[in-house]
Amino acid sequence: MKKILSLLVILSIGLFSCGKGSQKGIEVKGSDTLLELVQEMGEVYIKKSGIAVNVSGGGSGVGVAGIVNNNTDIGDASRQIKDKEIKKAKENGIEPLEVKLGIDAIAIVVNPSNTINQLTTDQLAAIYKGEVKNWKEVGGPDVEISLYGRQENSGTYAFFQEHILKANYSDKMKRMNGNAQMFEGVKADIGGIGYQGLGYVMNEDGSFKPGVKVLAVVGKSGRAVLPSDKSAVLSGEYAISRFLYQYVNKNMTQTVKDFVLFELSPEGQAIVKKTGFYPLDERAKELNPELFK
Amino acid sequence: MQSKETKKVIVFDKIAAYIFKFSGILIIVILGLIVLFLFKESLPFFKEVNFFDFIAGTAWNPNAFEFDTYGALPLIVSTIIATVGAMAIAIPIGIGTAVFFSEYAKGRTSEILKFSVEILSSIPSVVIGFVGLVLIAPFIGKLTGQTNGLNALTGSILLALMALPTIISISADSIRDVPKSLREASLAMGASKWETISKIVIPAAKSGIMASFMLGTGRAIGETMTVLMVTGNSPALPTSFFDSIRTITATIAIELGEVAFGSTHFHGLFALGFVLFILSFGVNLIADRMINRRKI
C-alpha cells in the first residue's frame, strides 16, 4: 500500500512539473481545410525559430470564435469573418485582422465514364438544387444524376451553397463523410457528381489523380476553365475558388507576427503549394497591406 | 472473543460489500443522469418547434438557405427501415448458425466457428463501413441496376453483419440450455433430428432466441459509423430499400460537430437523441421481459 502511494506521489509530481515546464508557443485553431497546411508550417517553423506552433482543427467557426473570445493566437478559416462576429469581437475589446494565406479552388468531379467535360455555374446550381435530374439535360449521356456533397459540418458544403447554389441543396444529395468518401463514391458511380478541394484531386505537378474526371467550369467570362489553370484561379475567372484566411488580434505579440510573416514569405508560400493550394507568392504583400506597413 | 484475524476478515467483508453496492448504484445514477440531461437539453427545442412538426415533419434542414425546418420523420423512418432490414437478414442466418453451432458442430469446426463469431464482433465499425463503401455498395448498385449502392439495403446488410454475433451467441447459449432429456424423449418417440430441432428444441429455447433478436435490434438501432458511411445520408423521406437513408445516429454524428452551442439546432439534436433513447429503451425492455420469462 505504501509503495503504491509513494508511486502515485512521484507520478503526480512528474506530471505537474511537465505541465509547468513546457514553453509557451503559438496557439492556432480552426478550419479543417487549413489544418494540414498550418501544421506543416508549424513543423518547419519550430526547426527555424525554436518556437512551437500548436495547431488544432474544429472548423472555421471554431477559429473565428477563438479570435472573438480571445482564447487563441491565430484562428484559421476557409470563409471570411462575418459582420456580427467582428461586432462581437469589438465588444470584447479585440480588433480582428484578416490575413490571406493562399487560395483554394474547388474541383467539380464526375465519373470518368461520363462524356461531359464542362458545366456552367448555372447548370451546377440547377443540378445541386435537384432541378436537373438527368445528364442528357446538360449535354451528357442518358444517365440519372446522382448527387454527392459534403456533410453540414463542412466549410466546403457551406461555401458551395453560398456561392454557387444560393438555395437549399436537393434532399436527394448524398452527404458524404469527408473528401475520401466522396472520391470513392463518384469513382464507383457512373451518374455521380461531387465537389472537392483541389488539393485532393490534383498532384503537385498539376496533373489530376486517376479515378474521377475533373470538369471545367464556365463562369461569367463564358470561357470553360479547369481548376488546374493557375492564372484563371488567381484572377477569379474560375468561379469556385476562395481565399484561405487566418484571423489574428491587431495587437498581436511580435512572436505571432513573426510566424504570420514567415507564412507569407517565399518559404511559407512553398508549403502552401506543397499542400495542394495556390500560393499568393509575390501578391502576398499587396493582399495583406496591414501586415507590411 | 473474536481473534484479531477474524475481526480483520469481517471489516474487509464489510468494505467489499460497500464497494460492490457503490458500483451498482453508480450505474443506476449515471443512467438516470444521462436521461435527465437528454430531457433537460431537449426541452428548450420544443419551445421553438411544435412537437407535431418535429415528429411528423418530412424535411430535416437545420442549415437551410432561408427557413430552417426540423422534421424528424425521415430520420425516424430511416432508422426503422435500416433496423428492420438488418433483422430480416440477420435473423434467419443467425438462428441457422446458432442451431448448427449448438446441435451439429463438433470439435475443431465448433472451435473455428466460435473464434470467427468472436472476431466478427470485434471488427471496428469504421472498418466494416469502409469495406461496405468500397466493395459492397458498388456491388449492390450493380445487382439492383442502380448507379450506386449507397442505400438502405447496403446499410441493412452491414448492420446485419454487426448484429449477427449477438444473435448467434445468445441463441446458441439458450439452445444449449434446453435439457438433454427433452431431446432424448423426442428422439425416443421416433422423431427425426430435424423434427426434434424445429418442434422441440427451438420452441423450448424460444424466449432466449427472441431476446437475442431484441438485443441484436438494439445493436442495429444504435450503430452510427457504418450507416453513416454507406447509406448516403440524404435527408429525403425514404420510400424503399433502394433509397438513400439518413439515420438518427448519423444525423447527430454529422451535425453535433459544428452546431452553435445553445441554438435551436443544438437542442434539436438532443431531442433526436431522446427519440433514439426511447426507441432503444423500448427494444431493451421487451428483451428484458423475454429473458426473465425464460428463467421462470
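The values are calculated or read from the model by the stated rules, or taken from the named source; none is laboratory data. Being a predicted model, the structure only gives us computed values, none of them experimental. Because the Cβ atoms are built from the backbone with ideal geometry, glycine has one as well, and the counts that use them run over all protein chains shown. Only protein heavy atoms, including side chains, enter the accessible area calculation; ligands, DNA and RNA are left aside. Shrake-Rupley method; radii C 1.70, N 1.55, O 1.52, S 1.80 Å.
Mind ranking B:Phe242, B:Phe261, B:Phe270 by accessible surface for me, highest first, 1.4 Å probe?
B:Phe261, B:Phe242, B:Phe270
Rg ratio for segment B:164-287: its Cα radius of gyration over 2.2 N^0.38 Å, N being its residue count, equals 1.54.
Over 19 Å between C-alpha atoms is what I'm after, so list which of A:Lys29/A:Lys250; B:Lys114/B:Lys199; A:Lys100/A:Lys213; A:Lys87/A:Lys250; A:Lys230/A:Lys257; A:Lys100/A:Lys257 land there. Those over the limit are B:Lys114/B:Lys199; A:Lys100/A:Lys213; A:Lys230/A:Lys257.
Each Lys and Arg contributes +1 and each Asp and Glu -1, all at the Cβ; summed about the Cα centre of segment B:4-48, the dipole is approximately 340 debye.
What Kirkwood radius, in Å to one decimal, follows from the Cα pairs of the protein assembly as shown? Intermediate values should be presented prior to the final figure.
Details: mean 1/r = 0.0358 Å⁻¹.
About 27.9 Å, per the Kirkwood formula over Cα pairs.
Here's the list of aspartates and glutamates a cross-link from B:Lys206 could span, going by alpha-carbon distance under 12 Å and ignoring same-chain residues fewer than 8 apart: B:Asp173, B:Asp177.
Evaluated with a Cβ-only charge set (Lys, Arg +1; Asp, Glu -1), the protein assembly as shown carries a dipole of roughly 2160 debye about its Cα centre, given to the nearest 20. Cross-link reach is defined here as a Cα-Cα straight distance under 14 Å, omitting same-chain residues fewer than 8 places apart; for A:Lys82 the aspartates and glutamates meeting it are A:Glu95, A:Glu98, A:Glu162. The magnitude of the dipole of chain A, with charges of +1 and -1 set on the Cβ of Lys/Arg and Asp/Glu and taken from the Cα centre, is near 680 debye. Ordering A:Ile116, A:Ser146, A:Ala89 by Cα displacement along the dipole of segment A:45-154 toward the positive end leaves A:Ala89 in first place; charges were set at the Cβ atoms of Lys, Arg (+1) and Asp, Glu (-1). For segment A:217-293, the fraction of alpha-carbon pairs lying more than 15 Å apart is 62 percent, rounded to a whole number.
Measuring only protein heavy atoms, the 1.4 Å probe finds B:Phe274 accessible over about 50 Å².
A 1.4 Å probe over all protein chains sorts B:Thr224, B:Thr109 by accessible area into B:Thr109, B:Thr224, starting with the largest. Across segment A:206-219, computed HN-Hα scalar couplings (Karplus, 6.51 cos²θ - 1.76 cosθ + 1.60, θ = phi - 60°) run x, 7, 9, 6, x, x, 9, 10, 8, 8, 7, 10, 9, x Hz from first to last residue, x flagging Gly and Pro.
Note on segment B:4-48: Cα Rg divided by 2.2 N^0.38 Å, N the number of residues, gives 2.11.
Each residue of segment B:139-149 is assigned a 3J(HN,Hα), and the resulting list reads 5, 4, x, 5, 4, 9, x, 10, 6, 8, x Hz, derived from the Karplus form 6.51 cos²θ - 1.76 cosθ + 1.60 (θ = phi - 60°), x at Gly and Pro.
Residues A:Arg175, B:Arg108, A:Arg79 ordered from highest to lowest accessible area at a 1.4 Å probe: B:Arg108, A:Arg79, A:Arg175. Average 1/r across all pairs of distinct alpha carbons in chain B, invert it, and you get the Kirkwood radius: 22.0 Å. Scalar couplings 3J(HN,Hα) for segment B:31-36, obtained by applying the Karplus form with A = 6.51, B = -1.76, C = 1.60 to θ = phi - 60°, are 4, x, 5, 4, 4, 4 Hz; x denotes Gly and Pro.
For chain A, what number results from the quotient of the Cα radius of gyration and 2.2 N^0.38 Å?
1.16
Amide hydrogen proximity for A:Tyr195: with H placed 1.01 Å from N in the peptide plane, the residues at 5 or more positions away or on another chain lying under 5 Å are A:Val109. At a probe of 1.4 Å, how much accessible area disappears from chains A and B on forming the pair, both sides counted, to the nearest 100 Å²? Buried surface at the A/B interface: approximately 2100 Å². Only protein heavy atoms count here; on that basis, with a 1.4 Å probe, B:Leu26 has an accessible area of about 70 Å².
Per-residue mean of foreign Cβ neighbours for B:222-233 is 3 (Cβ atoms of other chains, 10 Å radius).
Per residue of peptide A:144-152, the mean number of Cβ atoms on other chains within 10 Å of the residue Cβ is 5. Please identify, among A:Gln246, A:Gln181, A:Gln196, the residue showing maximal mean-square fluctuation in a Gaussian network model of chain A using a 10 angstrom Cα cutoff. Highest fluctuation among the options: A:Gln181.
Using Cα-Cα distances under 8 Å and only pairs 6 or more residues apart, what relative contact order does chain B have, in percent?
Contact order relative to length: 25 percent.
A:Thr115 sits with roughly 90 Å² accessible to a 1.4 Å probe, with DNA, RNA and ligands left out of the calculation.
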